[in-house]
Structure formats: structure tokens, C-alpha cells
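Only one structure is covered here, and it is reproduced in the block below.
The values are calculated or read from the model by the stated rules, or taken from the named source; none is laboratory data. Computed from a prediction, not measured in an experiment: that's the story for all the values here. No Cβ is skipped: glycine too gets one built from the backbone with ideal geometry, and neighbour counts run over all protein chains shown. With ligands, DNA and RNA removed, areas are computed over all heavy atoms of the protein, side chains included. Shrake-Rupley method; radii C 1.70, N 1.55, O 1.52, S 1.80 Å.
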Amino acid sequence: MLTVLHHPLITHKLTQMRKESTGTKDFRQNLDEIAGLMAFEITRDLPLNPIEIKTPVAICQTQELAKEIVLVPILRAGLGMVNGIRDLIPTAKVGHIGLYRDEETLEPHEYFAKFPSTMPESVVMVLDPMLATGGSASAAITLLKKRGASIIKLVCLVGAPEGVKRIEEDHPDVDVYLAALDEKLNEKGYIVPGLGDAGDRIFGTK
Ligand code: PRP
Ligand code: URA
């Protein structure tokens, strides 16, 4: 299921990221902040377990998170979303998937994968600012499922209709969260209007 998170702060910060004139420092800071705001919404349905605790005043029946959370950024650009979410969920573990998109074929190629051993019983959030053709996110989710992950949420900033369709077809069990659903892909596979190459803008490589 697709959820587009509408919130004035998210919209404002995303607008700053979209501007061509925004430099690396502000781009990264806004990405961090949006990731945190998105995480607040996305974690609304996390399961809780009942627990009895002792406060300084009394015994009380309360609840705590039932499952661990594993963040899996797709390298490189997904790395830019990790800190903002970890500020909110400091106990989250982090796995990594290295994928790059061939500029000609637009096909994803895997070059790195490392995950925490607790991944199969955790809530896994796959992070990537850009959902373009959906090839990278779909390949990442396929790999995570092979490694035992079963509760998977895909968290992206900007999506194209083509990418959303691809995930819905390949992985109908995965919830997709976006800060914005854009118009289309251009002939080079870039999201329009989008924000350009997220990895290059985060790391200043262009
Ligand atoms: C970008 C982006 C996604 C992918 C999206 O990464 O961060 O991972 O492209 O495109 P898709 O939906 O068509 O697969 P890129 O391959 O440019 O690597 P980078 O993050 O290292 O720059
Ligand atoms: N990857 C990006 O970084 N930007 C796009 O618009 C598409 C893929």
C-alpha cells in the first residue's frame, strides 16, 4: 500500500532540497530532518508488548516496543536518511545494501550486503530517497526477503508512478511511504520534477 505523507514541514523542507541552488550542507540537513519526520508517522503502527515496571512512585502496567527495528539504507543515497531516523529510534540496528543503477540500462547492480542477525524477526525499513523505475528498491527487497526479512517498509522521499507500480507488482506485501509522488520519469530515468541525483547532491560528487 502507498502512503504519501502530507505535512507542511515535510513539504517545506523537500522544496528546499528540490531547489537547484541548494548546496550539499543544506541538502543533507533537510534530508535528515525529513527522514525523522517521516519515521514519526511510519512507526505509528509498531506493535507493543505489555510490561509491568516500577517508577520511583509506584508499580505500573505499561507497554514497550515488541520488535526491534532494522534500518537498511540502499547505498549510497539511503545513508543520508539514517541519522534522522536513528535520532528518533536510537536502538535501531543498521544493515547495508550497496546497489548502483547502470546509467545505460537503468538495471541495479549489487556490490555490498551486510545485515544484523536479528533481521528476520525485526521490522525492517528500507531507506532510499529516490524511487525512480523501482528496480533498485525491488532488488533490495528481494534480497532482504531471501535473508529472512518478513515485515518490510520501503521509505523514500520522492517517487515516480513507475516505481510505485513496480513495487506494488513485485512486492504487494510491502508498505511504501513517500514524502511526494512526482509526475513521471524522463528519458534518462530521472524523476520529474524530482531533485536531481540524490547521491551526488548528498556527497558532493558532481
Ligand atoms: C539512485 C537512487 C536509487 C536509485 C533509484 O541511486 O538513490 O538507489 O538510483 O533508481 P531506480 O528506482 O530506477 O532503481 P544510484 O544508482 O544513482 O546510486 P548512488 O546512490 O550511489 O548515487
Ligand atoms: N536516482 C536519483 O538520484 N535521482 C533520480 O531522479 C532518479 C534516480
Residue by residue, what Karplus-based ³J(HN,Hα) values in Hz, rounded to whole numbers, does segment 102-111 have, using 6.51, -1.76 and 1.60 with θ = phi - 60° and x for Gly and Pro? 4, 5, 8, 8, 6, 7, x, 10, 8, 10
166, 201, ranked by accessible area, largest first (probe 1.4 Å): 166, 201
Which value, in Å², gives the accessible area per residue of segment 79-206 when a 1.4 Å probe is used on the protein heavy atoms? 47
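Counting Lys and Arg as +1 and Asp and Glu as -1, what is the net charge of the other residues whose Cβ lies under 12 Å from the Cβ of residue 190?
Working: positive: 101, 184, 188; negative: 103, 162, 182, 183, 187, 197, 200.
Charge balance in the 12 Å sphere: -4.
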Among 159, 84, 117, whose Cα projects farthest towards the positive end of the dipole of segment 71-206, with charges put on the beta-carbon of Lys, Arg (+1) and Asp, Glu (-1)? 117
What is the chain's relative contact order, in percent, from Cα pairs under 8 angstrom and six or more apart in sequence? 22
Segment 189-198 - phi-based ³J(HN,Hα) in whole Hz, Karplus 6.51/-1.76/1.60, Gly and Pro as x: x, 8, 6, 10, x, x, 8, x, 8, 4
Pairs 19/165; 93/184; 19/146: which exceed 32 Å Cα-Cα? 93/184; 19/146
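Return the carbon/sulfur percentage of the accessible area of segment 53-131, one whole number, probe 1.4 Å, all protein chains in place. All intermediate terms of the calculation are to be shown ahead of the outcome.
On the way: 2250 of 4300 Å².
Summing carbon and sulfur atoms, their accessible area is 52 percent of the total for segment 53-131.
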Estimated vicinal HN-Hα couplings, Hz - segment 178-188 in sequence order (Karplus 6.51, -1.76, 1.60; Gly, Pro = x): 10, 8, 7, 9, 8, 7, 5, 9, 8, 5, 9
In degrees rounded to 10, the 0-90 angle between helix 8-18 Cα long axis and the longest Cα principal axis of the chain is 40
Enter the angle in degrees (range 0 to 90, nearest 10) between the Cα long axis of helix 24-42 and the first principal axis of the Cα atoms of the chain, meaning the one along which they spread out most. 50
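Evaluate the charge dipole of segment 42-179 about its Cα centre and quote only its size in Debye, nearest 20, assuming +1 on the Cβ of each Lys and Arg and -1 on the Cβ of each Asp and Glu. Walk me through the numbers before you get to the answer.
Numbers: 14 positive and 18 negative charges, 97 e Å.
Here the size comes out at about 460 debye.
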Extension reserve of the residue 64-residue 110 stretch, reckoned as 0.36 nm per residue once the Cα distance is removed: 12.9 nm
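Please report, as a whole percent, how much of the solvent-accessible surface of segment 138-185 comes from carbon and sulfur atoms (probe radius 1.4 Å).
On the way: 970 of 1960 Å².
Solvent-exposed carbon and sulfur of segment 138-185 make up 50 percent of the total.
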Ranked highest first by the average count of other Cβ atoms within 10 Å around their residues, in what order do 23-30, 42-49, 155-162 fall? 155-162, 23-30, 42-49
